[in-house]
Amino acid sequence: MAGTSRHDREMAMKAKQQLADCSDPLEKLRLQCLTRGSSGIKGLGRTFRIMDDNQNRSLDFKEFLKGLNDYGLMIEKDEAAALFQHFDRDGSGTIDFEEFLITLRPPMSKARKEVVMQAFRKLDKTGDGVITVEDLQGVYNAKYHPKYQNGEWTEQQVFRTFLDSFDSPYDKDGQVTKEEFINYYCGVSASIDSDVYFILMMRNAWKL
């Protein structure tokens, strides 16, 4: 999406600077994810999902620690333990990683959330809560893409590359869920200070 790569770079730099003075373990993790750009938090979500062997959306401490390490996030074991306890509200020894990711996302104002959901609903033509290549046909115009124009890519390849930009870097499945879409834009949102500018950017990008 036009403009977001510049925002990504700015955000990554800002997060790196803030990381130097940060002592709160949750904020540290959030900033480490943001140094990877808009899809940083979403990528961590995918790592957790891969580890969730029994598909119950929860992780024990060992899995939690392994997920953070696999994703390359630096955190002291005692900090990780404190974080885990904070999220293990019922003391069951497991945490709901979706809840964890929602807390990790940079906060987004109500107005921003609203416009992100408008874009998602417009793209999700079939209304099944997942954006696929089929949904994009007729909504996203591939013909303006330079690689389509010079014959290098087919329309399908343009769509797939477009979807991949919202997808996690390590597990691209050609589908974008509502959670992934919101996670991506929470990242973008963190790099844009003004609500007005963010909403304008979304409206222009998605012709809302």
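The values are calculated or read from the model by the stated rules, or taken from the named source; none is laboratory data. Small disclaimer: the values here were computed from a predicted structure and weren't measured. Neighbour counts run over all protein chains shown; Cβ positions are idealised from the backbone, glycine included. The accessibility values were calculated without ligands, DNA or RNA, using every heavy atom of the protein model including side chains. Shrake-Rupley method; radii C 1.70, N 1.55, O 1.52, S 1.80 Å.
Which residues, taken from the stretch 70-111, are small (Gly, Ala, Ser) and buried (at least 18 other Cβ atoms within 10 Å of the Cβ)? Matches in the stretch 70-111: Ala80 only. Filter the stretch 179-208 for residues that are of a type in the set (D, E, K, R) and under 13 Å from Glu114 (Cα atoms); which is least open to solvent (accessible area, probe 1.4 Å)? In this case the residue turns out to be Asp195. Just wondering, is there one or more residues in the stretch 56-69 that are touching a helix residue (DSSP H, G or I) at 6+ places or on another chain (Cβ under 8 Å), at positive phi, open to solvent by 50 Å² or more (accessible area, probe 1.4 Å) and of a type in the set (Lys, Arg)? There is at least one residue in the stretch 56-69 that is touching a helix residue (DSSP H, G or I) at 6+ places or on another chain (Cβ under 8 Å), at positive phi, open to solvent by 50 Å² or more (accessible area, probe 1.4 Å) and of a type in the set (Lys, Arg).
Residues of the stretch 5-21 that are over 14 Å from Gly187 (Cα atoms), among the charged types (D, E, K, R) and either outside any helix (DSSP H, G or I) or at pLDDT below 85 (or both): Asp21 alone. In the stretch 159-176, the residue that is modelled with the highest pLDDT out of those that are surrounded by fewer than 19 Cβ atoms within 10 Å (Cβ to Cβ) and within 20 Å of Cys33 (Cα to Cα) is Asp164. Scanning the stretch 139-149 for residues that are part of a loop (DSSP other than H, G, I, E, B) and of a type in the set (Ser, Thr, Tyr) returns a single hit, Tyr140.
Every residue, every condition in (1) out of contact with any helix residue (DSSP H, G or I) (no Cβ under 9 Å at 6 or more places or on another chain); (2) loosely packed, with under 15 Cβ neighbours inside 10 Å; (3) farther than 24 Å from Ala190 by Cα; (4) touching a residue at least 12 places away in the same chain (Cβ under 8 Å), yes or no:
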{"site": "Lys113", "(1), (2), (3), (4)": "no, no, no, yes"}
{"site": "Phe120", "(1), (2), (3), (4)": "no, no, no, yes"}
{"site": "Lys125", "(1), (2), (3), (4)": "no, no, yes, yes"}
{"site": "Gln137", "(1), (2), (3), (4)": "no, yes, yes, yes"}
{"site": "His145", "(1), (2), (3), (4)": "no, no, yes, yes"}
{"site": "Gly151", "(1), (2), (3), (4)": "yes, yes, yes, no"}
{"site": "Gln156", "(1), (2), (3), (4)": "no, yes, yes, yes"}
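Taking the criterion of being touching a Leu at 6+ places or on another chain (Cβ under 6 Å) and outside any helix (DSSP H, G or I), the only residue of the stretch 116-138 that qualifies is Ile131.
Just checking, does the stretch 27-34 include any residue being surrounded by 22 or more Cβ atoms within 10 Å (Cβ to Cβ) and outside any helix (DSSP H, G or I)? No; the residues of the stretch 27-34 include none that is surrounded by 22 or more Cβ atoms within 10 Å (Cβ to Cβ) and outside any helix (DSSP H, G or I).
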